[in-house]
Amino acid sequence: MDGGGAGGGGGSAAAAYGGKSGATVGVRIHHSRRLPDFLQSVNLKYVKLGYHYLISNLLTLCLVPIMVVIIIDASQMNPNDVRQLWIHLQYNLVSVIIISAFVVFGSTVYITTRPRPVYLVDYSCYKAPDSLKAPYERFMRHSRLTGDFDESSLEFQRKILERSGLGDETYVPEAMHSIPPQPSMQAAREEAEQVMFGALDNLFANTNIKPKDIGVLVVNCSLFNPTPSLSAMIVNKYKLRGNIKSFNLGGMGCSAGVIAVDLAKDMLQVYRNTYAVVVSTENITQNWYFGNKKSMLIPNCLFRVGGAAVLLSNKARDKRRAKYKLVHVVRTHKGADDKAFRCVYQEQDNDMKTGVSLSKDLMAIAGGALKTNITTLGPLVLPISEQLLFFATLIIKKLFNKNVKPYIPDFKLAFDHFCIHAGGRAVIDELEKNLQLLPLHVEASRMTLHRFGNTSSSSIWYELAYIEAKGRMRRGHKVWQIAFGSGFKCNSAVWEALRNVKPSKSGPWEDCIDRYPVKIVS
């Protein structure tokens, strides 16, 4: 479908066709399909970029300690000290004017430049009805009955499904359950409405927010962009106010959910005392591939129905009931490089059937984007001790010995939970290895892939819901959401829990969390 899922799929395909199976369907493992070893190279310019973000808030960092020192000194003064200070100031008007001007100027600059906090009040993930479930056997039977796939393509899909990490309870849209499939524009609209309105209805019910209170609406869906837009469909359904700031993001891949949050955050810096709603989804109905080009068949096997609606606020009073506060968003775009731009590419095959083609260099490109992103994010989140160790080894490597491996910081010291986009099993495996994570840290991603499949940009919200349903989210915990997308992009969002978070009503894991985690068959 798009970058993140395709990236996972490409890796899964490579993993699925090692040894004998590779000879069966003519797919070979390319070393470029694996993420590069981060221990071998770190680009200094991206480290500098991370520190640029840090230094951009230098004024705030300097003013806050000064104000704290002044307040502490003032609290220790007795009445006689205050009287002596007043007498001194009476005869030193210039000092009074200078100090007053400095205080007024500094306070004004601090207040006007200080970013407003953005709170995540609540979110909702769509859960499709049981009638849309697509167990492995039914999926393969329907693929054969359509008559569009030759035996080689059917075998390819079978192997992908066996090694994909998906379970038997994922969902495909109604149109794909018909024989033959009926991927019409009307069916695609119905899928979009079911997913978006289902998530929004639950969100409004859980938060008691009136639709008229929404000031900003951001919708992202990569491959289905009808006219009127998806955002217009939501405005019409819920009769949102006429001056709402609405945006519809298309073609941005599985990482577009983080992009949508970033856009909503920027809008909340401009418009005071308002709510923003982010809706992240993907549409499968009109984007199913009915050809036999293997690089285009992977999305059929991995992508499933899903979507999420997120309520953000900049209202101070919402801090008391909000689940999280947005701490950082770091976005990396590799589109200037031709290989990165074309590694996930929607096009037509020789039979004029449309699909998304995956490059053999996809995993290497994803790894480069990830490396850029985390070396930019590192200075913002890592403890000073980790940063000093990293810089010390980096300097030694640059000046003395090029064979010295850079010290890769331990991101487990910065984050309590990891929501890695469930694009495919191989991506999760490689991130677990390269970031030196424990199985517990990637459990939410693996179980989301197993239960819901690749739901594109909304998968990071299903993963967060899993962590909450397991009762693992505590006040002060930091969460790292990271996703890949076509273009090629790697984007990160960091959240801080404002309380011990419990799962919301009618959550996606409500009736099945006791069955998880499950063992994934290799």
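The values are calculated or read from the model by the stated rules, or taken from the named source; none is laboratory data. The structure displayed is predicted, hence computed values, not measured ones. Positions of Cβ are backbone-derived with ideal geometry, glycine not excepted, and every protein chain shown enters the neighbour counts. In case anyone asks, the SASA skips ligands and DNA or RNA and just uses the protein heavy atoms, side chains included. Shrake-Rupley method; radii C 1.70, N 1.55, O 1.52, S 1.80 Å.
Mind putting together the pair-distance distribution for the range 408-453? All Cα pairs, 5 Å bins, whole percent per bin, short to long.
All Cα pairs considered, the percentages come to 5, 24, 34, 23, 11, 3, 1.
Quick one: net charge of residue 414's neighbours, Cβ under 12 Å, K/R +1, D/E -1?
Details: positive: 412, 478; negative: 386, 410, 416, 496.
Combined, the nearby Lys, Arg, Asp and Glu give -2.
How fast does the range 344-453 diffuse by Stokes-Einstein, in µm²/s, taking the Kirkwood radius from C-alpha pairs at 20 °C and 1.002 mPa s? Write down the numbers at each step before the final one.
Working: Rh = 16.5 Å.
Using the Kirkwood radius from Cα pairs, D works out to 130 µm²/s.
Could you calculate the FRET efficiency of residue 232 with residue 69 from 1/(1 + (r/R0)^6), where r is the beta carbon distance between them and R0 is 51 Å, rounded to 0.05? Before the final figure, lay out each step's value.
On the way: r = 53 Å, r/R0 = 1.05.
About 0.45, to the nearest 0.05.
At 0.36 nm per residue, and after removing the present C-alpha to C-alpha distance, how many nm does the segment from residue 345 to residue 410 gain when stretched out fully?
Contour length minus Cα-Cα distance gives 20.0 nm.
How large is the Kirkwood hydrodynamic radius of the range 410-522, in angstrom, based on all distinct alpha carbon pairs? Mind dumping the intermediate values first?
Details: mean 1/r = 0.0700 Å⁻¹.
It is 14.3 Å.
For each pair in 265/398; 239/505; 433/470; 315/502; 210/245, compute the distance between the two Cα atoms and list the pairs where it is over 28 Å.
Numbers: 265/398 38 Å; 239/505 24 Å; 433/470 24 Å; 315/502 22 Å; 210/245 16 Å.
With Cα atoms farther than 28 Å apart: 265/398.
Mind ranking 323, 334, 398 by accessible surface for me, highest first, 1.4 Å probe?
Descending accessible area places them as 398, 334, 323.
Go through the range 229-271 and name the trypsin sites (Lys or Arg not before Pro) that are in a DSSP coil and have 16 or fewer other Cβ atoms within 10 Å of their Cβ. Intermediate results must be reported in sequence, preceding the final value.
Values: sites: 237, 239, 241, 245, 265; in loops: 239, 241.
Qualifying residues, ordered by number: 239, 241.
What does the accessible area of residue 142 come to, in Å² to the nearest 10, when a probe of 1.4 Å is used?
Residue 142 has an accessible surface of roughly 40 Å² with all protein chains in place.
Return the inverse of the average 1/r over all pairs of distinct C-alpha atoms in the range 103-237, which is the Kirkwood hydrodynamic radius, in Å to one decimal. Intermediate values should be presented prior to the final figure.
Values: mean 1/r = 0.0529 Å⁻¹.
For the range 103-237, the Kirkwood estimate is 18.9 Å.
What residues qualify as long-range amide H neighbours of residue 275, i.e. H under 5 Å apart, gap of 5 or more or another chain, H built at 1.01 Å from N?
Residues meeting the criterion, in which the H sits 1.01 Å from N, are 215, 216.
Using protein chains only and a probe of 1.4 angstrom, how many square angstrom of residue 365 are accessible, to the nearest 10?
Number for this one is 30 Å².
How far apart, in nanometres, would the label points at residue 512 and residue 478 be if each is projected 7 angstrom from Cα along the Cα-to-Cβ direction?
Placing both labels 7 Å along Cα→Cβ, they lie 3.2 nm apart.
What residues qualify as long-range amide H neighbours of residue 346, i.e. H under 5 Å apart, gap of 5 or more or another chain, H built at 1.01 Å from N?
Those qualifying (amide H under 5 Å, at least 5 residues apart or on another chain) are 357.
Between residue 338 and residue 184, what length comes free when the chain is fully extended (0.36 nm per residue of separation minus the Cα-Cα distance, one decimal in nm)? Numbers along the way, then the final one.
On the way: separation 154, 0.36 × 154 = 55.44 nm, distance 3.35 nm.
52.1 nm is the gain from fully extending residue 338 to residue 184.
Under a plain spin-label model, where a point goes 7 Å from the Cα along Cα-to-Cβ, how far apart in nm are residue 247 and residue 394?
Distance between label points: 2.9 nm.
With all distinct Cα pairs included, what does the Kirkwood hydrodynamic radius of the range 281-395 come out to in Å, to one decimal, could you say? Don't skip to the end; give the middle numbers.
On the way: mean 1/r = 0.0543 Å⁻¹.
About 18.4 Å, per the Kirkwood formula over Cα pairs.
Which one of 301, 275, 358 is farthest out on the positive end of the charge dipole of the range 273-370, using unit charges on Cβ (Lys, Arg +1; Asp, Glu -1) and the Cα centre as origin?
It is 275, whose Cα lies furthest towards the positive end.
Suppose accessible area is computed on protein heavy atoms with a 1.4 Å probe; arrange 197, 411 from highest to lowest.
Numbers: 197 30, 411 5 Å².
Ranked list, largest accessible area first: 197, 411.
Check the straight Cα-Cα distances from residue 319 and name the aspartates and glutamates below 18 Å, setting aside those fewer than 8 residues away within the same chain.
Here the aspartates and glutamates satisfying the reach criterion relative to residue 319 are 122, 213, 496.
Give a residue-ordered list of calculated ³J(HN,Hα) values for the range 368-381 (Karplus: 6.51 cos²θ - 1.76 cosθ + 1.60, θ = phi - 60°; whole Hz; x for Gly, Pro).
Values, residue by residue: x, 5, 5, 4, 4, 5, 6, 6, 6, 6, x, x, 7, 10 Hz.
Tell me the label-point distance for the pair residue 98, residue 78, using the 7 Å Cα-to-Cβ offset, in nm and rounded to one decimal.
Here the modelled spin labels are 3.0 nm apart.
Pop the C-beta distance of residue 496 and residue 352 into the FRET formula with R0 = 51 Å and round what comes out to the nearest 0.05. Could the numbers behind the result be given before it?
On the way: r = 50 Å, r/R0 = 0.98.
The value I calculate is 0.55.
When the solvent-accessible surface of protein heavy atoms is calculated with a 1.4 angstrom probe, in what order do 196, 233 fall, highest first?
Working: 196 0, 233 25 Å².
Descending accessible area places them as 233, 196.
How about the range 456-522: which trypsin sites (Lys or Arg not before Pro) there lie in a loop by DSSP and see at most 13 other Cβ atoms within 10 Å? Please report the intermediate quantities before stating the final value.
Values: sites: 470, 472, 474, 475, 478, 489, 499, 505, 515, 519; in loops: 470, 472, 474, 475, 499, 505, 519.
Of the trypsin sites (Lys or Arg not before Pro), the ones in loops of the range 456-522 whose Cβ has at most 13 other Cβ atoms within 10 Å are 474, 475, 505, 519.
Say the cut-off is 20 Å between C-alpha atoms; which of 334/412; 294/360; 159/339 go over it? Don't skip to the end; give the middle numbers.
Numbers: 334/412 26 Å; 294/360 12 Å; 159/339 27 Å.
Cα-Cα > 20 Å for 334/412; 159/339; rest within.
Estimate the FRET efficiency between residue 384 and residue 438 by the formula 1/(1 + (r/R0)^6), using the beta-carbon distance for r and 25 Å for R0, to the nearest 0.05.
Computed FRET efficiency for residue 384 and residue 438 comes out at 0.60.
Got a sec to turn the phi values of the range 287-298 into Karplus ³J(HN,Hα) couplings, 6.51 cos²θ - 1.76 cosθ + 1.60 with θ = phi - 60°, whole Hz, x for Gly and Pro?
Using θ = phi - 60°, the values come out as 10, 6, 8, 10, x, 10, 7, 4, 5, 9, 7, 4 Hz.
Express in Å², to the nearest 10, the accessible area of residue 516 obtained by rolling a 1.4 Å probe over the protein heavy atoms while all chains stay in place.
Spelled out: residue 516, probe radius 1.4 Å, area about 10 Å².
Just to check I understand the Karplus step: with θ = phi - 60° and J = 6.51 cos²θ - 1.76 cosθ + 1.60, what whole-Hz values come out for the range 388-400, glycine and proline as x?
Ordered by residue, 3J(HN,Hα) equals 5, 4, 5, 5, 4, 5, 5, 5, 4, 4, 5, 8, 10 Hz.
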